[in-house]
1. Of the conditions (1) under 30 Å from L346 (Cβ atoms); (2) small (G, A, S); (3) modelled with pLDDT of 95 or more, A216 clears all except one; give me its number.
2. Got a number for residues in the stretch 365-381 being in contact with a Phe, Trp or Tyr (Cβ under 8 Å, 6 or more places away or on another chain) and either open to solvent by 30 Å² or more (accessible area, probe 1.4 Å) or near the ligand (Cβ under 8 Å from one of its atoms) (or both)?
3. If I ask for residues that are at pLDDT 95 or above, surrounded by fewer than 18 Cβ atoms within 10 Å (Cβ to Cβ) and not in a helix (DSSP H, G or I), which ones from the stretch 313-363 would you list?
4. Which condition breaks for C266 when tested against (1) within 11 Å of the ligand (Cβ to nearest atom); (2) in a helix (DSSP H, G or I)?
5. When you check A123 against the structure, is it assigned to a loop (DSSP other than H, G, I, E, B) and either open to solvent by 50 Å² or more (accessible area, probe 1.4 Å) or free of Cβ contacts under 8 Å to residues at least 24 places away in the same chain (or both), yes or no?
6. Give the residue that is farthest from the ligand (Cβ to nearest atom), with candidates limited to residues of the stretch 302-326 that are touching a Ser or Thr at 6+ places or on another chain (Cβ under 9 Å) and not β-branched (V, I, T).
7. Identify all residues within the stretch 324-337 that are more than 24 Å from the chain's Cα centre (by Cα) and at negative phi; write none if there are none.
8. Give me the pairs: first residue in the stretch 339-364 and more than 21 Å from A308 (Cβ to Cβ), second residue within 9 Å of the ligand (Cβ to nearest atom) and among the acidic types (D, E), beta-carbon distance under 8 Å, and six or more apart or on different chains, which are they?
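The values are calculated or read from the model by the stated rules, or taken from the named source; none is laboratory data. The shown structure was predicted, so the numbers you read here are calculated from the model rather than taken from an experiment. Quick reminder, even Gly has a Cβ in these numbers, built from the backbone with ideal geometry, and neighbours come from all protein chains shown. Just the protein is used for accessible areas: all its heavy atoms, side chains included, with ligands, DNA and RNA removed. Shrake-Rupley method; radii C 1.70, N 1.55, O 1.52, S 1.80 Å.
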Amino acid sequence: MTPSILLGAVADDLTGATDLALMLARNGMKTVQFIGVPPEDADFGDAEAVVVALKSRTIAADDAIAMSLASALALRTAGAEQILFKYCSTFDSTDAGNIGPVAEALMDLLGVPIAVACPAFPAAGRSVYQGHLFVGASLLSDSPMRDHPLTPMRDANLVRVLQKQTAGRVGLIPLDIVEAGPDAIRALLIKARQAGFRLMIADAVRDADLRQLGEALSIAPLVTGGSGIAMGLPENFRKAGRIGAIDVPATMRAAKGRSVVLAGSCSMATRGQVQAAIDAGMPALRLIPADIAAGAQPIAEIANWVLANTARGPALVYSSDTPEAVQQVQQQMGSQEAGALIEHMLANLSVVLRDNGFNRFIVAGGETSGAVVAALGVTALQIGPEIAPGVPWTRSVGTPDLVLALKSGNFGAPDFFLKAWDLLHD
Ligand code: ADP
């Protein structure tokens, strides 16, 4: 009989899902990340926690609800006793959702009268106090998130933000109650439920607060928040004797094969990593969007270059460029078109390389990573050692056996493309 999973998570984007999966793995749960809605009879092997990565942050609320409910059902069918709805630690959403609508739909599905919502992640500078979200020392509404192209966050008061997205009443678990511990938190939740509240923003400014919340929520069928809220949840299963001691692997086995870095992110951290790799002498090929569009940089030529330059170590193929250059390309081609052009090229390239014996991939960029794993047909990833905060090595489940590091554009130190390989062994 396939063992049951304990914790099932539904995440609203790919690299956020990886971040959460890493958090659960680091706290001692055997964790698998599933990409897209799992089939109802999905087999998750011996995973204790499964994180489903959706792409539902900015789609229509009805579609986000449908995908999230289908995922939660598959997780429940596989045995999940607790469902975690994971969103961004900056509460990325619009007045129309999708945090509120998805949370309420999951509450209805699971028959839950009240649920906690806490995006705090102090290690990443996200804290919640008096219901207000801070990014570092700034209110969310004063942070760069106020100008996000898809989800501009112009109100730091999360009780108010969530209330605009929900039919039920939204309240607050203030810091003094969180600090008073699990019994005080549970008592407040009971009172709030009796008073008709449905969703409760929880204050948290330190990891200890998240651990108190985690303990208080040991029997909650539904928890919602950023990856920080997951910090205290594995301990509940450990105390109950359901999972083993924390045994985080420092390295990961990878079959013999070739290595490549595919960078489609133009974020500052990635551009620094590209430069550091070039400076260190890693063979590097730059993709030129206009040339690709004109057929002047065909995939066969790129693949041949990679094959010729990876006999002794990894090579880098990158499209990363400055904001000015990107803007110019976007004006010429349209931003969607330019993005899709590069994403398709890197995704198709990954397939050609896989067919030519490449099995170790670093991919930089959230959207880029999504395109590459979809093209490679990877549907599930086991979480391995942590390369940088929020970025683990992962292994694809099933065949072929690939190891992948999917890096959100802004994550990682400058030497990421050079040092990540050190965590792999034959
Ligand atoms: P990040 O995680 O840094 O946001 P993403 O991969 O999510 O990175 O997004 C970067 C987007 O920019 C992708 O759609 C990618 O195809 C596109 N892109 C990459 N290089 C260029 C370029 N030189 N000009 C225009 N768009 C680009």
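1. With respect to (1) under 30 Å from L346 (Cβ atoms); (2) small (G, A, S); (3) modelled with pLDDT of 95 or more, A216 is out only on (1).
2. The total comes to 1.
3. G313, N356, G357
4. The one condition C266 does not meet is (2).
5. no
6. G313
7. E324, A325, V326, Q327, Q328, V329, Q330, Q331, Q332, M333, E337, listed by residue number.
8. G339/E367; E343/E367
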